[in-house]
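The values are calculated or read from the model by the stated rules, or taken from the named source; none is laboratory data. Quick caveat: nothing in here was measured; it's all calculated off a predicted structure. Note that we place each Cβ from the backbone using ideal geometry, even for glycine, and neighbour counts take in every protein chain shown. The protein model used for the area step is the full one, side chains on, heavy atoms only, and it has no ligands, DNA or RNA in it. Shrake-Rupley method; radii C 1.70, N 1.55, O 1.52, S 1.80 Å.
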Amino acid sequence: MTLILDLPEEIILLIAEHLNARAIYACIRTCRSFYYSFVPRLWCDLNVKQYKREPIDADFVRDKVHLIEAINYSTTLTDDYYTIIYPRLHTLRLDTFYADEKEPNYLQTKPPKKVEFARHHPTIRKLIYHHKDSIPRQFWEVIESYWTDFESLEVSGSVEADAVDIFWKVCDRLQTLYFSDLNLPESMPVLSTLSFQHLQDLRVKKYPWHRLPIPHRRWPVQLLEQVKKSERLRRLAWDVHDVAFPARMIMDIFAEDCWPNLHQLSIGDATCSDQDLAGVLRAITSRKLTAFEYVNGKFGPLTYKCLQDRYFGHLQDLNIGRCIGVTSTMVQEILMECTQLIDFDAPHVFVQDIVQAEKPWGCLKIQTLVVYIVKQPDDKPGWDGRVFEQISKLRRVCRSFYSAYIPCLWSNVCVKSYKGEAISADLLRANAHHIETLTLSPSLTPEHYTIVFPRLRCIWILTYYRDKKDSRYLQVQPHHMVQFARLHSSIRELGYDQIYLLSKGFWEVVESEWKEFESLELSGTVNEDLGEASGRCVVESVLFASLVSYFPKTSPSYRQSASQTFRD
């Protein structure tokens, strides 16, 4: 019988490629033979300095250079690391950790050292550059002249103005481009001279939480206009929060029969309409979409219908978990009809829809399933077993959320997190019986304030800075708040941080109906004619963050009465 120790070294190395670091460590400790077989794989991809840890000594790294094929340099490494030569290096990652900026060695290595390092490593095929310094022209000239096998670039930060032309010439011959928070000049005539004939993967992203004011202006749109010449493009990702997704231009590009091989599409523009998104999907030249991701937007019926009619038989990766408008019925139909699905991320599906479906799930190849399976109060006994029976047929699934976890997941709910999309009113209503602590925001719809939460004890109504830019901001009027307060007499704690005024009717409801009310945290404005009503609300703890005119200067009787109430 052949043992694993009898296998050729080449076969063992192939096995090692499919093992994570923890498994490789275990193999190394097994025996001397495994040690010598698996150590090269352990050093193959090296992270010199991990987050909040000391870096590997430069001399120790220098002793293992013949094993290293991919390496990660952080911004706090010294010049000594940039003098090491790696004869087999094909992937270079220059990353930045958030905590690096506080260290004394932050960006100690200047650009000339990086230029010299690039000159000594012509074998590099992939570069990830996330250091927050300005990239000089000499660096790109070295890449253009020396890196003959270079094919993939991921870059963020700034490109110096005099280096823009050589930067785009480097990009013109690559297969993969990923621009993340990249700062470029507004005028770039060099773009019109490029064809991007080799480009297969294009991703352009700018995150709204980026601290630097980096306006994208028009260069991402100009880039798309030139990339349409590429016949090899397979993947397009657009998540630029300050430049709208050019849906009409994309449809025109497809109308010219461009991008015949495109089959992966990712869009992160929440302002894209349902009609435009459906139009883009309908116009795809390849007629074969295997991966679709839509982040932070509204997933409408037209988009869903287009996916269902054209691509359900091809989809392998579908990510709509952060969209609003996705219904349980949609999710159930996707699980039934997308037979090629491997990765699926969706908001929720009801137990009732799973049990009462006409046929079982057809996605038997699925490996990653991220979806809340929601149990409702009126579900019949035995339905849970039928749901788990359905899940058990997914033999390859690695990750899932089951209905058994729902009560603990829903006990404390933030309906709309900072920069995130709101939980739909239907999903919130279905799980209202689980919720004890609830956080609402002023950019929700009035429908959210009509839901009754029978176990609610603590309510937070908060304003985020970005809420003011939301089209739904302050749709909820004071009378909606009064009605919500009347429906929830069991509330014990209230945290309120809003811009508009609290009405007198609200405080009257709190005074008369909230019998167990005991804690108040308030930030905002109270009208002078409400001082007496709000002062009568007996609370055990009051935290005034930025309370304006709570004790009106023109009403000393209210001030005296309220002060006496709180002293008592």
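5 Å is the cut-off here: which amide hydrogens, built 1.01 Å from N in the peptide plane, fall below it relative to residue 94, excluding neighbours closer than 5 in sequence?
Long-range HN contacts for residue 94: 73, 128, 129, 130.
At a 1.4 Å probe radius, which order do 489, 145, 266 fall into by accessible area, largest first?
The most accessible residue leads, giving 145, 489, 266.
How do 238-250, 56-68 rank on mean C-beta neighbours within 10 Å, highest first?
Result, highest mean first: 238-250, 56-68.
For residue 348, enumerate residues with amide H under 5 Å from its amide H, sequence gap 5+ or separate chain, H modeled in the peptide plane.
372
Tell me which aspartates and glutamates have Cα within less than 15 Å of residue 504's Cα, excluding those fewer than 8 residues away on the same chain?
By straight Cα distance, residue 504 reaches 513, 528, 529, 532.
Among 117, 155, 182, whose Cα projects farthest towards the positive end of the dipole of the range 76-204, with charges put on the beta-carbon of Lys, Arg (+1) and Asp, Glu (-1)?
It is 117.
Over 31 Å between Cα atoms, which of 114/229; 64/206; 126/288; 114/206 qualify?
114/229; 64/206
Ranking request for peptides 334-346, 356-368: highest mean number of other beta-carbon atoms within 10 Å first, then the rest in descending order.
Output ranking for 334-346, 356-368: 334-346, 356-368.
Just to verify a number: FRET efficiency for residue 35 and residue 123, C-beta to C-beta distance, R0 = 25 Å, to 0.05?
The value I calculate is 0.35.
Would you list 457, 322 from the most to the least accessible area, probe 1.4 Å?
322, 457
What number do you get for the range 62-161 when its Cα radius of gyration is normalised by 2.2 N^0.38 Å, N = residues?
Rounded to two decimals, the normalised Rg is 1.02.
Sorted by mean Cβ packing within 10 Å, highest first, what order do the peptides 273-281, 17-25 take?
Result, highest mean first: 273-281, 17-25.
Please list the non-local residues whose amide H lies under 5 Å from the amide H of residue 366, H modeled 1.01 Å from N, same-chain partners needing a gap of 5 or more.
Under 5 Å from the amide H of residue 366: no residue qualifies.
Give me the one-decimal nm value for the distance between modelled label points at residue 458 and residue 379, 7 Å along each residue's Cα-to-Cβ direction.
Taking the simple label geometry, residue 458 and residue 379 are separated by 2.6 nm.
For a quick check of understanding: with a 1.4 angstrom probe and all protein chains in place, what accessible area in square angstrom does residue 327 have, to the nearest ten?
60
Calculate what fraction, in whole %, of the accessible area of the range 252-365 sits on carbon and sulfur atoms when a 1.4 Å probe is rolled over the protein chains.
The C+S portion of the solvent-accessible surface of the range 252-365 is 46 percent.
For the range 23-99, what is the accessible area per residue in Å² when the probe is 1.4 Å?
On a per-residue basis, 51 Å².
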